[in-house]
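Chemist: Quick one: this structure, given as structure tokens, is what I'll be asking you about.
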Amino acid sequence: MKICVFGAASPTIDPRYIEAVEKMGREMAKRGHSLVFGGGGNGLMGAAARGVRDGGGKIVGVIPKFFDEESVEAICDFCDELIFTESMRERKQIMEDSCDAFIVVPGGIGTFEEFFEVLTLKQLCRHNKPIAIYNIMGYYNELHETMNSAIAKNFIRGNCSDLYVISDDLEKVFECVETPEAERTVRELKDG
């Protein structure tokens, strides 16, 4: 299975996040999964890649050319395949199309945007891939509360929370991504 991991590129985050994601990457490889990710060499992107590499798994990085040309961030230099794109939009499209499931680890603006894009597309039945949020050290607790608040206020349908799993338990994260999803229709998931 090809798992797309979305996560932080920052090299200045708490090392406990890095350790947890490296462990996750090793477990991915141990389970026979490969990594599709944003191609970054630092932060949790780099940690996921190092873990998968250390476990003997395959790594596909996808990164815009301008990241290299303008030295936006470090690029992972040990990918089995590194795909350069013209834009961020193309990067996300390739990552989404190339995977069988998504794991979201702690991250910033880009990670939030990636999560909400794949969640929106799943709600609109444009894909049916599992989405798991690995809630390391409670990083996503406030996001979980925000989603529940929006559901309680009828801005989001209640069954939207069935479209992803949020857990600090790595085994539950893998259980989510390794379990096929039930088919749904847009009418079941979206009002309007």
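The values are calculated or read from the model by the stated rules, or taken from the named source; none is laboratory data. Predicted model only: the values in this text are computed from it and were never measured. Glycine gets a Cβ as well: all are built from the backbone with ideal geometry, and neighbour counts include every protein chain shown.
Chemist: For region 152-175, give me each residue that is of a type in the set (Val, Ile, Thr) and modelled with pLDDT of 95 or more.
Modeler: Answer for region 152-175, where residues must be of a type in the set (Val, Ile, Thr) and modelled with pLDDT of 95 or more: Val165, Ile166, Val173.
Chemist: Could you please let me know if Glu22 is crowded, with 18+ Cβ neighbours inside 10 Å, over 28 Å from Lys172 (Cα atoms), touching a residue at least 24 places away in the same chain (Cβ under 8 Å) and of a type in the set (Asp, Glu)?
Modeler: The answer is no for Glu22.
Chemist: Considering region 127-178 alone, what residues qualify as being in a loop (DSSP other than H, G, I, E, B), closer than 30 Å to Lys30 by Cα and without any contact (Cβ under 8 Å) to a residue 40 or more places away in the chain?
Modeler: To start, the set of residues in region 127-178 that are in a loop (DSSP other than H, G, I, E, B) comprises 127-130, 135, 139-140, 153-157, 164, 168-169, 178.
Still in the running and closer than 30 Å to Lys30 by Cα: 127-130, 135, 139-140, 164, 168-169, 178.
Listed by number, the residues that qualify are His127, Asn135, Tyr140, Asp168, Asp169.
Chemist: Right, Phe37: surrounded by 18 or more Cβ atoms within 10 Å (Cβ to Cβ), at pLDDT below 95 and either within 16 Å of the chain's Cα centre (by Cα) or on the phi < 0 side of the Ramachandran plot (or both) or not? Talk me through it step by step, then tell me what you get.
Modeler: Working: surrounded by 18 or more Cβ atoms within 10 Å (Cβ to Cβ): yes; at pLDDT below 95: no; either within 16 Å of the chain's Cα centre (by Cα) or on the phi < 0 side of the Ramachandran plot (or both): yes.
So Phe37 fails the test.
Chemist: If I go through region 1-34 residue by residue, how many of them are basic (Lys, Arg) and under 15 Å from the mean Cα position of the chain (by Cα)?
Modeler: Number satisfying all stated conditions: 1.
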